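Read through the structure below, which is laid out as structure tokens, and then see the notes.
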Amino acid sequence: MIFQRAAALLAHAYANTGQPEKADALFREVLVTSTLSETYVNYSAFLASQGRVAEARDIAQKVLARKPAMPAYQKRRERPWCRKAAQILKRLPGNIKPAQARRNDDARGFGQLSGSSSW
């Protein structure tokens, strides 16, 4: 398929108009060759809406995993999609908020700043 973004947007339109079978099939076809963060974020949101949490999490994490290797100009261009991917991850069930994770680590003794150990 030559126009990957157009096909991805069509899949997104299918998802938003209650045609999940068509959306899923087209998203899968487009993601074979597409590297657009927009496509990955839209597919992750679609998967989350379908209750496919593990798949949605994997796709959103792929978007965020590419961010450290991006040059500054690309980080600026991709910023909205990285933010949306992070929002999707926050909304998925089973996620631990960062502050809660730190409290859990402190309770287990992992968050200590000094060299002393509680063991």
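Any read-out appearing in this document is the output of simple, stated calculations on the displayed coordinates, not a laboratory observation. Given the structure is predicted, the values throughout are model-derived calculations rather than measurements. So basically every Cβ, Gly included, is an ideal-geometry build from the backbone, and we count neighbours across all protein chains shown.
Annotations
- In order along region 63-71, the Karplus-derived 3J(HN,Hα) couplings, from 6.51 cos²θ - 1.76 cosθ + 1.60 at θ = phi - 60°, round to 5, 6, 5, 7, 4, x, 8, 7, x Hz, and Gly and Pro are given as x.
- As a length-normalised measure over Cα pairs under 8 Å and 6 or more apart, the relative contact order of region 1-101 settles at 22 percent.
- Only Lys, Arg, Asp and Glu carry charge here, each on its Cβ (+1 for the first two, -1 for the last two); on that basis region 4-92 has a dipole of about 560 debye about its Cα centre.
- Farthest toward positive dipole pole in region 4-92 [+1 Lys/Arg, -1 Asp/Glu at C-beta], among LEU89, LEU31, PRO71: PRO71
- Taking the number of Cβ atoms within 10 Å of each Cβ as an exposure proxy, the fewest-first ranking of PHE3, PHE46 is PHE3, PHE46.
- Taking 16 Å as the straight-line reach from the Cα of LYS75, the lysines in range (excluding those fewer than 8 positions away in the same chain) are LYS62, LYS67, LYS84.
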